[in-house]
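Everything below concerns the one structure shown next.
The values are calculated or read from the model by the stated rules, or taken from the named source; none is laboratory data. Bear in mind that the values here come from a model prediction, so they are computed numbers and not experimental data. Cβ placement follows ideal geometry from the backbone for every residue including glycine, while neighbour counts extend to all protein chains displayed. These accessible areas exclude ligands, DNA and RNA; they are computed on the full protein's heavy atoms, side chains included. Shrake-Rupley method; radii C 1.70, N 1.55, O 1.52, S 1.80 Å.
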Amino acid sequence: MINTNSPHSFHIPVMGLGYTIDSPIRVAHYGISSVVSIVDDDLIEKMNRFYSQKFNFKYQEITQKMHDYRAERVTAYLNVMDKIVKQKFSDFKQELAESKQALNNYLSMLPQTSDLKVGLQNLMEEGKDAILNYLENHLTPGAIDVNIMTKVDKDNFDKDVQLPVEFNDAHASLRGFANSNLTSSVILSAGMNPRLYSYFENFDCFFPNDKDQLEKKIVLKVSDFRSAMIQGNFLAKKGLWVSEYRIESGLNCGGHAFATEGLLLGPILEEFKEKKSQLIQSAYDLMVKALSIKGKHIPEQPLELLITAQGGVGTAQEQDFLMEHYHLDSIGWGSPFLLVPEATSVDPETRQLLAKAKEDDFYLSNISPLGIPFNAVKGTTNEFFKQKRINDEVAGSSCPKKFLALSKEYGAKGMCSASKKYQDLKLEELEMQKETLSAEVFAKRKNIITDKSCLCVGLANASYLENEIAIKGQKQGVIVCPGPNLAYFDHEVSLLDMVQHIYGNMSVLNVPTRPNLFVNEIKMYVDYLRKEIADFSETLSAGQIKKWKAFKQNMLSGIQYYQDLFKNASVLPENNERTKVQLAFYTAEVERIMIPELAVA
């Protein structure tokens with residue numbers, strides 16, 4: 001969860017499995033909050049060893065032979081990270097007190113509106129002790145938050161015996177966080193997992209103490225108000241409080257893209273602004289009842305609830321507008337930080353690829369074994385190795401980690417659709433149908449099977465490469481999943497420059513024609529709907545037609561909302577006239593989308 005005492009009004013969301021795996025170690029001492037994925041226990045164990053050795057901490061390997069190794073690996077790494085951040089934070093405060101150059105550099109990183117900045121500026125001539133005392137009382141490190149993708153919750157086995165549900169991947173990750181020394185938040189993404197949500201009840205750290213405080217907090221990443229209300233109330237009925245809702249653009253984001261039914265970001269944020277009190281009161285009433293039944297402490301009033309947003313933000317004007325107009329508490333800046341070596345774990349080759357990539361290089365792919373559209377960029381090393389295996393007729397991954405071995409089609413233990421074992425079976429079935437299919441249909445279905453990539457390995461490899469950690473096994477290369485907004489950032493950037501860009505003290509953009517984030521999202525939804533209609537190959541139903549019509553109407557309503565918003569010239573003044581023209585253009589584009597009708601017998 002966002003550190004509410006932080007001088008910063010942005011945070012770095014989770015990116016992939018490895019891109020923010022050590023971001024808190026890199027940026028938390030500056031007061032910047034970031035999020036670590038805690039799904040890949042193999043990567044986590046290697047990072048634990050790497051940082052324990054780097055900071056001369058005692059390292060004890062946690063092997064897969066240990067009873068609860070997944071959870072214990074997570075706990076151990078989070079505790080090491082916490083220890084490192086505290087050490088770096090203490091050293092940083094000392095440096096600021098002793099070095100005017102360091103202090104000036106840090107002040108230039110803070111927004112003009114920061115009380116911390118004003119306070120420090122007033123103490124510049126007061127001497128070391130006064131500055132250090134002020135820092136001790138006013139500067140706090142950024143949060144070390146963690147992310148669990150709720151769908152990545154595979155059943156696990158001891159040989160052929162299925163283990164209890166608490167040993168599922170996401171359950172073990174949650175237990176690892178709950179048992180750690182951190183006082184921070186777990187961000188749950190990818191929708192509701194009732195079993196996982198219920199598992200929170202096993203840990204006192206998620207319930208309010210007698211001072212109405214939460215040792216560890218729950219944050220939900222959501223794409224609309226209805227989803228937030230359903231999930232928040234589900235948890236509240238168990239006495240659990242959601243401390244923050246992170247609203248993410250359905251398509252203008254990195255990683256997996258969970259498209260809404262044509263609902264656009266602006267109207268969604270407007271609904272949260274209008275109904276925040278309803279969200280709070282509904283959850284509080286349910287939480288009170290549940291805590292009473294459990295005999296636990298009941299807060300006299302609702303706990304703090306933050307609303308934040310992320311997805312496609314690229315300028316200080318957009319940041320400021322979202323914060324002010326929608327009363328948000330922070331803005332997530334993800335993909336642009338992939339070009340900041342001080343903040344994220346990316347190998348030099350991939351960072352160069354991202355810097356050179358243009359609009360047409362970013363696309364929504366079908367490579368995810370989860371069957372959910374996945375943001376990708378052309379030219380990755382993973383793309384090269386996967387295509388080589390396809391050409392050599394040995395398609396598929398060796399599947400060493402099996403986090404996405406979720407298909408039960410061929411057995412209870414599950415298989416990943418990116419694995420060679422799974423693809424061999426599917427290709428064999430397809431071959432048996434070859435004579436009944438046209439060459440075009442056969443090729444299309446074959447591509448659907450072999451297009452899946454091993455995300456478990458590909459999303460972790462960049463971190464191994466950057467930190468010179470040996471990569472064993474089959475060559476998978478690097479998978480990177482930036483949001484399409486990265487097309488407008490074209491070079492490596494220092495942390496100071498990126499933060500100053502966010503606050504409007506300078507610009508790192510060299511693309512004068514970058515569309516407004518709202519316009520960018522509209523274009524993506526237009527393309528998405530057109531493609532979905534064009535690619536639809538199943539039997540057409542009245543329900544499907546109704547869904548498309550609702551999608552189209554939601555888009556038109558959303559664009560009308562923006563047109564009303566942009567009538568005010570003081571709103572987002574940058575390229576305001578051009579934005580109005582683009583909104584009119586996309587109104588016509590949406591209206592031109594033809595929804596099929598059922599054939600009349």
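Residues of segment 415-439 falling in the label zone of Lys159, defined by backbone nitrogen less than 18 Å from a point 7 Å along Cα to beta-carbon, are absent. Using C-alpha pairs below 8 Å separated by at least 6 residues, the relative contact order for segment 444-563 is 15 percent.
Computed across the chain, the Kirkwood hydrodynamic radius from all distinct Cα-Cα pairs reaches 25.5 Å. Using a 1.4 Å probe, what is the accessible area per residue for the chain, in Å²? Result: 44 Å² of accessible area for each residue. Length available on full extension from Ile593 to Ser108: 0.36 nm per residue minus the Cα-Cα distance, which gives 169.8 nm. With a 1.4 Å probe rolled over the protein heavy atoms of all chains, the accessible area of Tyr59, Tyr197 falls in the order Tyr59, Tyr197, largest first. How many percent of the accessible area of the chain is carbon or sulfur, using a 1.4 Å probe? The value for the chain is 50 percent carbon and sulfur by accessible area. Here the calculated FRET efficiency for Ala542 and Asn79, from their Cβ-Cβ distance with R0 = 60 Å, stands at 0.60, rounded to the nearest 0.05. At full extension, Gln278 and Asn233 could sit 15.1 nm farther apart than now, given 0.36 nm per residue minus the alpha carbon distance.
With contacts taken as Cα pairs under 8 Å at a separation of at least 6 residues, the chain carries a relative contact order of 15 percent.
Compute the Cα gyration tensor for segment 360-439, then decide on rounded, prolate or oblate, letting a ≥ b ≥ c be the square roots of its eigenvalues: rounded whenever a/c is under 1.5, prolate when a/b is larger than b/c in the other cases, and oblate in all that remain. Taking the square roots of the gyration eigenvalues as a ≥ b ≥ c, segment 360-439 is oblate.
Using the average count of surrounding beta-carbon atoms within 10 Å as a protection proxy, the listed peptides 247-256, 353-362 rank, highest first, as 247-256, 353-362. Looking at segment 117-251, the DSSP beta bridges with both ends there are about 15 percent antiparallel. A crude spin-label estimate for the pair Asn568 and Glu324, with each label 7 Å from Cα along the Cβ direction, gives 1.0 nm. Summary of the geometry: segment 80-116 and segment 549-568, compared by the centres of their Cα atoms, lie 44 Å apart. Relative contact order, whole percent, for segment 72-193 stands at 32, derived from Cα pairs under 8 Å and 6 or more residues apart.
With the cut-off at 18 Å, tell me which of the pairs Lys358/Lys552; Lys276/Lys547; Lys151/Lys408 have Cα atoms farther apart than that.
Lys358/Lys552; Lys276/Lys547
Among Ile372, Phe337, Ser407, which residue has its Cα positioned farthest towards the positive end of the charge dipole of the chain, with +1 placed on the Cβ of Lys and Arg, -1 on the Cβ of Asp and Glu, and the dipole taken about the Cα centre? Result: Ser407. The distance from the alpha carbon centre of segment 129-155 to that of segment 290-329 is 16 Å, rounded to a whole number. Placing dummy labels 7 Å off each Cα toward the beta-carbon, the span from Tyr69 to Asp360 is 4.8 nm.
Among beta bridges identified by DSSP and lying wholly in the chain, the antiparallel ones come to about 20 percent. If the chain linking Gln474 and Met192 were pulled fully straight, counting 0.36 nm for each residue of separation and taking away their Cα-Cα distance, it would gain 98.2 nm.
The dipole here belongs to segment 338-478: it is taken about the Cα centre, uses +1 on the Cβ of Lys and Arg and -1 on the Cβ of Asp and Glu, and is about 380 debye. Put simply, when 47-53, 221-227 are sorted by average Cβ atoms within 10 angstrom per residue, most first, you get 221-227, 47-53.
What is the Cα centroid distance between segment 345-400 and segment 214-289, reported in whole angstrom? Centre-to-centre (Cα) distance: 31 Å. The dipole here belongs to the chain: it is taken about the Cα centre, uses +1 on the Cβ of Lys and Arg and -1 on the Cβ of Asp and Glu, and is about 1140 debye.
Note on Asp285 and Glu98: with the Förster distance fixed at 51 Å, the Cβ-Cβ geometry gives a FRET efficiency of about 0.45.
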